[in-house]
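Following: one structure in structure tokens, then a few remarks.
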Amino acid sequence: MIGLILMIFTYSEFNTYIYYYPIQSQSDIEGLQQSGYHSFLYVAQADEDVNGIHTEVIGTVKQVSQNLLRKLDGRTLTSVVAQIFADRMQVVSSLLALPLFTFMFDKDRRFRMNELVRTRPIHKYSYVLGKYGGVLLSYLSIITVIGIILNTWVMFNVSGSGSGLTGSFWDMPITLIIQVYPTILYMSAFIVGISLLFSSNVISVPVVLVYVIFSISMTAFTGEVNNDVELYSAIIRNDTGFIEQSQVMVLLNRLIYLVATVAILYFAGFWWEKTGRRVDK
């Protein structure tokens with residue numbers, strides 16, 4: 001079900017890149033125009049209007065292609081797709097992680113499996129990390145496959161098209177590793193930690209939901225409308241895909257949240273064992 005939701009979401013967000021790039025016909029231009037505003041579709045008219053202003057009109061295929069190349073400024077189209085994919089996938093994967101990881105230990109609590117597990121010679125971290133890692137690997141695999149398929153489709157569309165657009169297979173994997181994976185690792189670990197801490201979904205779900213919403217739409221809380229990478233930003237936003245991020249800040253941000261992930265998982269194992277001793281008493 002999670003995989004199907006992610007596939008439908010990806011198709012709805014990236015169908016313009018699937019169908020209309022590279023721009024080779026008037027129907028491609030019309031499709032892009034219907035999908036929303038794209039500045040590279042427009043060119044200034046040669047003649048001025050009565051106010052002496054050059055109005056903009058939809059350009060020809062050649063003009064639009066040249067505008068797009070100038071906007072890309074030497075970057076591959078797949079790098080833009082990867083950046084936008086990273087932005088959208090960080091958002092949707094964080095939301096979908098709520099039911100996926102919040103209820104991961106719920107069945108153990110409801111059927112009193114915790115007491116049975118603790119009678120076995122199982123290390124606290126083996127149990128917690130085993131359950132967490134199994135779900136996480138499946139989740140990351142689905143996202144990776146979807147991203148690679150999208151990237152490969154765009155890459156083959158632009159290669160040999162004569163449009164001047166270029167693509168690279170490595171754009172998507174690198175972006176996934178740097179931006180998407182650390183976000184999912186941290187968010188999922190945070191959800192697990194909060195769920196074990198409160199031992200009640202009535203409390204943990206609202207707490208996690210508020211934090212996820214804050215991370216997704218931080219500008220709504222801070223009032224700052226920008227895409228700068230801050231150290232407190234769990235999610236790196238790339239709303240347009242044409243934003244040049246400071247790679248030093250991106251890497252430092254990711255390192256901080258990877259360290260935070262390890263710390264939270266360490267706490268989760270410790271707390272699971274502590275609550276077990278409390279029950280035994």
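The values are calculated or read from the model by the stated rules, or taken from the named source; none is laboratory data. Here the structure is a predicted model, which is why all the values come from computation and not from measurement. All Cβ positions, even for glycine, are placed from backbone atoms using ideal geometry, and neighbour counts span all protein chains on display. For accessibility, only protein heavy atoms count, side chains too; no ligands or nucleic acids. Shrake-Rupley method; radii C 1.70, N 1.55, O 1.52, S 1.80 Å.
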Between GLN66 and HIS38, what is the label-point separation in nm under the 7 Å Cα-to-beta-carbon projection? 1.8
Added length on full extension, which subtracts the Cα-Cα distance from 0.36 nm per residue, GLN26 to SER217: 65.1 nm
Ignoring ligands, DNA and RNA, how do ARG237, ARG70 rank by accessible area with a 1.4 Å probe, largest first? ARG70, ARG237
³J(HN,Hα) computed for each position of region 186-197 - Karplus, 6.51 cos²θ - 1.76 cosθ + 1.60, integer Hz, glycine/proline x: 5, 4, 5, 5, 4, 5, 4, x, 5, 4, 6, 5
Search the structure for amide H atoms under 5 Å from the amide H of THR166, placed 1.01 Å from N in the peptide plane, and list their residues when 5 or more places away or on another chain. LEU77
If each of PHE156 and ILE5 carries a label point 7 Å out from its Cα toward its Cβ, how far apart are those two points in nm? 3.0
Simple SL model, points at 7 angstrom along Cα→Cβ for LYS274 and VAL207; separation in nm is 1.2
Stretch gain in nm, segment LEU255-VAL57, where the contour uses 0.36 nm per residue and the Cα spacing is subtracted: 66.7 nm
